[in-house]
Every structure is written in structure tokens, then in C-alpha cells.
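Would you mind keeping the following structure in view while I ask a few things?
The values are calculated or read from the model by the stated rules, or taken from the named source; none is laboratory data. All figures in this text were calculated on a predicted structure; none of them were measured in a lab. Quick reminder, even Gly has a Cβ in these numbers, built from the backbone with ideal geometry, and neighbours come from all protein chains shown.
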Amino acid sequence: MTDRHAAAWQRISKLGRDKYVLIYGVLLWGILLTAVTSAIQFVLTQNASDADALSLRYLIARFIVFGVIGFFIANARWLKLQRKYGDNAGQQPKPSRR
């Protein structure tokens, strides 16, 4: 990672953990995955007799499930980036112990 990545993280980390997880996890992952899976289902069931396949109830359920998944993904990513850059953004990252 370069100084550019550290600078980007410094800017993003100003949001705070809660806002970061909400925006990048719950909303971004939730909306994107709901849209993708709904589009796939719409294409695959377009001629099927299941007219209720894309009802509002299913869209809400998908958004909740994918929002929870996004919460965990964004939270893990926050922790990883905070550990990597933390308060030392702009400095050389510490080598990992492997």
C-alpha cells in the first residue's frame, strides 16, 4: 500500500466507525446485493408462474439479510485498516509477522 492509500484511509476514518459501517456496510452492501440478486431472480423467473418472486416483502427481507452481512464485512474491514494505518497514516506500515 502506498501513501495514497494511507491518505485515503485518513480521510475515510474521519467518518468514525459507526458511520463507516452504516454507509459502506449496511447501505452499500445491502443495496448492491439486494439489487443484484433481485435482478438475477427477475431474469431467471421472468417467464415462470411465480409472480410473487419480487414482492416488496422479499426485497425488504433481502435488504435486511444483506445489510447484516455488510455490517460484518465493513466492521472487519474497518478493524483491518485501522490496525494497518491507525494513527500512523502517512508513515510506513509495519511489516506483518508471518
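Among L59, L54, L81, which is the only one that is modelled with pLDDT of 65 or more and not in a helix (DSSP H, G or I)?
Details: L59 fails: not in a helix (DSSP H, G or I); L81 fails: not in a helix (DSSP H, G or I).
Unique residue meeting the criteria: L54.
Oh, and also: For segment 1-51, enumerate the residues that are at pLDDT 85 or above and among the acidic types (D, E).
Correct list: D18 only.
Please name all residue pairs, on different chains or six or more residues apart, with Cβ atoms under 9 Å, provided the first residue is in segment 20-38 and is within 16 Å of L81 (Cβ to Cβ) and the second residue is in a helix (DSSP H, G or I) and polar (S, T, N, Q).
Y20/S13; Y20/N75; V21/N75; G25/N75
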